[in-house]
Amino acid sequence: MARSKLALLAVAAGTFMVTFDGAAVELALPVLRREFDRPLTDVQWVMTGFLLASTAVLLPAGRAGDVFGRARVWRAGVVLFVAASAAAAFMPNLWWLVGVRVVQGIATGLVTAQAAAVLSAAFPESRAFALGVGNVAIALGLVAGPPVGALLTRAISWRLIFPPAALVGAGAWLLSLGRLHDEHGPRRPLDAAGAVLSALALGALVSGGVYARRWGWGSSATVALFAAGGVLVVAFALRERQAPAPLLATALLRRRLFLSGAVTALLGFFALFCLTIAMPFFLVEAQKRSLVGAGLLVGMVPLGVIIAGPLAGLLTDRVGSRWPCTVALIIVAGAPLLVVAAGSNVSTGLLALALGLVGIGFGGFEAPNLSSALAAAGEEDLGVGTATLNVLQNLGMTMGTAVAATLVSMGMERTSGSPAERAAAGVRLALIAGAVAAGVGAIAAAVRPRGR
């Protein structure tokens, strides 16, 4: 039992490491712009390069875990992240830093592609609970990253953001020794051509989502990126049908329970990021709250995840995932509608309640959904199943962010009245979009097959 708890702690620490680092670095972008004297479009590559690399590597990383050992690939990702984090503190210019962030993104893909698979193998009888604890680590990273990153950047230097993540990663690696087993599927060669095609396809799609809000959804550059992504997805699918050892187990998508988990993962993360990207605009622009006050209110979301994640996992291990996922997504859909119905003068208490319910709903959805999908994947495809779900989550995050930013801007441009009224109109559009996505996800969860 003690060994299992330490294994859970090791994986949770690795998850916290990558989440904390990403949340902390984002707040340092204005400082980086001033220190390196570069335009914001250049500085944003510190985050964009990381996101593209972490998404593009997921499918190859998932299959690598199935072939070479999931704990082994997870440890390699942790070591690479620690090394890149230590190096990031000494980068002499912006583009060197972007390069190191790309390496961090690759390492993050290796870690996140294996984390759920490693936990599923280590806790076969309490998989959902273990995944719920993993979600708590994500939420803690999101909570701790911004204030710690801001404090270190303001008090000393942005360069000190990276050593804490490196220390946590080193501790995670040490805890994992002798406690994580190297389960893997059948030994077969990695599909290198499929890996390249999947990386290019995901890179094009994520780039389109990232830049759509800057260039416009109808711009030639945005359309070209999405078109290229679509062509590459078709090429990847054709390659996978012919490959002797395909990168993606297409049979997974013919299993109703896995397909339901994949659809609800995409919709759930789309909804979450629609809501969390839009709400700061409402709090700061429409209600004229301070950044600190807005940050405290938005912090109710990860707090809700921390509360609900393990509890939902325990419930799912007993009754299955259908109703926990369905009820949780109904909560996510209903919470923003409270804000929409209340109008611009919504009270602080109601805002805290709504955001807390979003967190509780999301925490109650993610671990049960992931647990049931991985149960459908089976031992042979556990790594690539995890990676596939992570790809869809990343796409949901990217598209939710882009859609929320577009709808907020659209509402502000097309609504008359004061700046506060125009901001509120734009945010309401984004909140409704997030609620609709969560509602559709709840339907998909309700019709999934029974089973635990």
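The values are calculated or read from the model by the stated rules, or taken from the named source; none is laboratory data. As the structure is a prediction and not an experimental result, all values here were calculated from the model. Cβ sites come from the backbone with ideal geometry, for glycine too, and all protein chains shown count toward neighbours. In case anyone asks, the SASA skips ligands and DNA or RNA and just uses the protein heavy atoms, side chains included. Shrake-Rupley method; radii C 1.70, N 1.55, O 1.52, S 1.80 Å.
Could you tell me which of the residues GLY69, GLY77, GLY62 is modelled with pLDDT under 80 and closer than 26 Å to LEU8 by Cβ?
Being modelled with pLDDT under 80 and closer than 26 Å to LEU8 by Cβ holds for just one of GLY69, GLY77, GLY62, which is GLY62.
Looking only at region 149-162, how many residues end up being more than 17 Å from VAL98 (Cα to Cα), assigned to a helix (DSSP H, G or I) and not small (Gly, Ala, Ser)?
4
Would you mind listing the helices (runs of 4 or more DSSP H) fully within region 1-49 where at least 1 residues are at pLDDT below 80 and buried (at least 20 other Cβ atoms within 10 Å of the Cβ)?
Hits in region 1-49: 2-26, 40-43.
Restricting region 260-306 to residues that are small (Gly, Ala, Ser) and more than 30 Å from LEU374 (Cα to Cα), which is surrounded by the fewest Cβ atoms within 10 Å (Cβ to Cβ)?
SER290
Answer yes or no as to whether ALA377 is within 24 Å of ALA137 (Cβ to Cβ), at pLDDT 80 or above and of a type outside the set (Val, Ile, Thr).
Values: within 24 Å of ALA137 (Cβ to Cβ): yes; at pLDDT 80 or above: no; of a type outside the set (Val, Ile, Thr): yes.
In short, no.
For region 319-340, enumerate the residues that are at pLDDT 80 or above and open to solvent by 50 Å² or more (accessible area, probe 1.4 Å).
Once the filter is applied, which keeps residues that are at pLDDT 80 or above and open to solvent by 50 Å² or more (accessible area, probe 1.4 Å), region 319-340 yields TRP323, VAL327, ILE330, ILE331, LEU337, LEU338.
Keeping to region 289-317, report how many residues are without any contact (Cβ under 8 Å) to a residue 40 or more places away in the chain and in a helix (DSSP H, G or I).
Kept after step one, since they are without any contact (Cβ under 8 Å) to a residue 40 or more places away in the chain, are these residues of region 289-317: 289-294, 296.
Cutting the leftovers down to in a helix (DSSP H, G or I) gives us 291-294, 296.
Total meeting the criteria: 5.
On the basis of being at pLDDT below 80 and either open to solvent by less than 30 Å² (accessible area, probe 1.4 Å) or in contact with a helix residue (DSSP H, G or I) (Cβ under 9 Å, 6 or more places away or on another chain) (or both), does PHE90 make the cut?
Taking the combined requirement at face value, the residue does not satisfy it.
May I ask you to say which residue of GLY385, GLY313, GLY363, GLY309 is surrounded by 24 or more Cβ atoms within 10 Å (Cβ to Cβ), over 15 Å from GLY134 (Cβ atoms) and under 20 Å from the mean Cα position of the chain (by Cα)?
Values: GLY313 fails: over 15 Å from GLY134 (Cβ atoms); GLY363 fails: over 15 Å from GLY134 (Cβ atoms); GLY309 fails: over 15 Å from GLY134 (Cβ atoms).
GLY385 is the lone residue from the list that is surrounded by 24 or more Cβ atoms within 10 Å (Cβ to Cβ), over 15 Å from GLY134 (Cβ atoms) and under 20 Å from the mean Cα position of the chain (by Cα).
Of everything in region 154-186 that's open to solvent by less than 20 Å² (accessible area, probe 1.4 Å) and at pLDDT 75 or above, which residue is farthest from LEU94 (Cα to Cα)?
Quick first cut of region 154-186, residues open to solvent by less than 20 Å² (accessible area, probe 1.4 Å) only: 158, 161-162, 165-166, 169, 172, 176, 180, 185.
With the extra rule that they be at pLDDT 75 or above, the set shrinks to 158, 161-162, 165-166, 169, 172, 176.
Numbers: TRP158: 12, ILE161: 15, PHE162: 15, ALA165: 20, ALA166: 20, GLY169: 24, ALA172: 29, SER176: 34 Å.
Of everything passing the filter in region 154-186, SER176 is farthest from LEU94 (Cα to Cα).
From the list VAL100, VAL67, VAL79, which residue is surrounded by fewer than 24 Cβ atoms within 10 Å (Cβ to Cβ), without any contact (Cβ under 8 Å) to a residue 40 or more places away in the chain and either under 22 Å from the mean Cα position of the chain (by Cα) or in a helix (DSSP H, G or I) (or both)?
Going through VAL100, VAL67, VAL79 in turn, the sole match is VAL100.
Tell me whether region 410-431 contains one or more residues that are within 20 Å of ALA286 (Cβ to Cβ), among the acidic types (Asp, Glu) and touching a residue at least 60 places away in the same chain (Cβ under 8 Å).
Kept after step one, since they are within 20 Å of ALA286 (Cβ to Cβ), are these residues of region 410-431: 410-431.
Of the ones still in play, those that are also among the acidic types (Asp, Glu) are 413, 421.
If we keep only those that are touching a residue at least 60 places away in the same chain (Cβ under 8 Å) as well, we get 421.
Yes: region 410-431 contains one or more residues that are within 20 Å of ALA286 (Cβ to Cβ), among the acidic types (Asp, Glu) and touching a residue at least 60 places away in the same chain (Cβ under 8 Å).
Report, by residue number, each residue of region 192-225 that is at pLDDT 80 or above and open to solvent by 60 Å² or more (accessible area, probe 1.4 Å).
Passing the criteria: VAL196, LEU200, SER220, VAL223.
Just to be sure I understand the filter: pairs with C-beta atoms under 8 Å, separated by 6 or more residues or on different chains, first member in region 322-337 and in contact (Cβ under 8 Å) with a residue 40 or more places away in the chain, second member basic (Lys, Arg) and not in a helix (DSSP H, G or I). Which pairs pass?
Cβ pairs passing all conditions: ARG322/ARG448; ARG322/ARG450; CYS325/ARG448.
Since TRP74 meets every condition but one in (1) without any contact (Cβ under 8 Å) to a residue 60 or more places away in the chain; (2) open to solvent by less than 30 Å² (accessible area, probe 1.4 Å), which condition does it not meet?
(1)
Please determine, by comparing only the residues of region 341-360 that are under 30 Å from LEU119 (Cβ atoms) and among the β-branched types (Val, Ile, Thr), which one is surrounded by the fewest Cβ atoms within 10 Å (Cβ to Cβ). Before you say what the answer is, go through the steps one by one.
So the first thing to find is which residues in region 341-360 are under 30 Å from LEU119 (Cβ atoms), and the list is 355-360.
Pick out the ones that are also among the β-branched types (Val, Ile, Thr) and you get 358, 360.
Values: VAL358: 29, ILE360: 25.
Step by step, filter region 341-360, then rank; the result is ILE360.
So which of PRO189, PRO146 is part of a helix (DSSP H, G or I), at pLDDT below 75 and of a type outside the set (Gly, Ala, Ser)?
PRO146
Quickly run through region 265-300 and pick out the residues that are under 14 Å from the mean Cα position of the chain (by Cα) and β-branched (Val, Ile, Thr).
THR276, ILE277
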